[in-house]
Structures are given as structure tokens and as C-alpha cells.
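Right, one structure below, let's go through it.
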Amino acid sequence: VPEASSPEAIQRAREKADNLVREFEAGSDFSSLALAYSDGNNALEGGDLGWRSLEQIPSLFTDIVGNMKVGDITQPIRSPNGFHLLHLSDKKGADKLLINQTKARHILLKVTAVRNEEQTRNKLLELRERILAGEPFADIARAHSEDTASAVDGGDLPWFGSGEMVEVFEDVAESLSVHEVSDAFRSTFGWHILEVLGRRTHDATEEQQRLQVKRALQRQKVEEETDFWLQRLKGEAYIEYRLDENT
């Protein structure tokens, strides 16, 4: 149903698509419905589009497909060509992504023009001794940590997995037991002490899928903008003819 169709024709097509959704939900086979009713080029294959990655799916459908479960059918989706129904018949390469994560809090002191490496480390060790003597880690972090983003939360950091922190930070965190406070250590940011608060195995499958959808949309947006500018350049292009004065 082209966009220029009459309102009546568009309404009839919408009702037809709605009826097909109801037939599918009542138990009809999607392939049989596509074979009988689809106007698409792949109708004879029962509407089968084959295996496709998110990057190969039209941008209009990417976000929708990324959130579908196997067996789902969409409500009618309007495009310039008409109404579409999508059925997710299967997925592959979509196993659960389980990652080990650590919860920690830290105190950071930076080396400055008026406080050298040794002085910074010694000050941090003094703070560590106060924590080991019973002062709350969070209170000392709020008062002294120079990581302003986490200091207001008592040094608390979000759950993190491998590759999300600088290597030395992750190595120290990995070596500690839960509720153990580290010795002072150096990173590219300065001197730290940290306490591990917990560990967990986190199901990051949905987050990974959302990231894939986001990347696919970004890639398709770049392609669409490239096509737009190519068409614009073609429209503005001209040919200059030069005639030899001697001819």
C-alpha cells in the first residue's frame, strides 16, 4: 500500500494485517499465511528472509527485532511500501552472556605539584590505618577521595567486569577477599586503596543485545546519510564543455 494510497485503501490493508495477526495467534502457520496473503518478493518461500544479523535488517525493524523472542509476531508495521508483519522463527548466536562482576569502593589521591609520590602514598596509608582501626570507609572516602564522581557515594563504584577498569585496579580487586581493604597501589590516575564489597555472575545477554541494536542503528544511520549526500552531490554536479577555438 503506497503512501499515496487513499485512506480507505490504507485502512483495508491495515485491517487485513490485523486479521493475519489474529489468525497466527489462533494457531495458523505463519509460512502458510505469508504464502497465501503476502505481497512481498519472498511470499513463495513463506515469507522466509533467511538468516540475517541485526546489521542486515532494515533500520525500520532493527529495534523491534532486537527485542523479540523466538515465536513472537509483531503488530502491523507501517512503511512507505505498506504494512509488514515480522515473525521471529529462530535465533542463533544468542546464547546467554554471563560475566563475572565485582562491586568495590575506593579512595583516590592524586600526585600534585605540592604533594609528590611518596607523600601521596603515605597520606593514603594513614587513611587506610584509620579504616582498619574502625572508621567507616565511606566517611573517609567522602572527606578525602579525589575521585569526585565516587566520593559523594562514599567511594562506591558500579559493578564492573573484566576490561572495564584499568588493569592494575582489576588485578588488585581480583586478589582481595570480600570486605578486605587493599594496600596502597598506583594507577595512571594516582594512588588508591579499595575494598571489595561483593562478587556476582551477571547475565548481560540483554545488555549485549541492546548494544548490538544500537551499533546496527548507528551503522545504518551513517549509510543513510552517506546515500543522502551522494544523491545531493549528483544533483548538484554539472559537466563543463570546453570548445577548441580552432574548430
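Nothing in this text is a laboratory measurement; each read-out follows from the coordinates by a stated rule. None of the values given here were measured: they were computed from a predicted structure. Glycine gets a Cβ as well: all are built from the backbone with ideal geometry, and neighbour counts include every protein chain shown.
Along its first, second and third principal axes, ordered by size, region 98-203 spans 45, 29, 23 Å in Cα coordinates. Binning the alpha carbon pair distances of region 4-154 at 5 angstrom intervals from zero yields the distribution 2, 7, 12, 13, 11, 6, 4, 3, 4, 5, 7, 7, 7, 6, 5, 2, 0, expressed in whole percent.
Legend: ranking of residues Lys103, Lys91, Lys69 from fewest to most surrounding C-beta atoms inside 10 Å; resulting order Lys69, Lys91, Lys103.
Think of region 1-130 as a dipole: +1 on every Lys or Arg Cβ, -1 on every Asp or Glu Cβ, centred on the Cα centre; then among Thr102, Leu85, Ser38, Thr102 lies furthest on the positive end.
Panel order for Leu88, Leu98, by other beta carbons found within 10 Å of each beta carbon, from fewest to most: Leu98, Leu88. Using 0.36 nm per residue and subtracting the Cα-Cα separation, the extra length available between Arg199 and Val166 on full extension is 10.1 nm.
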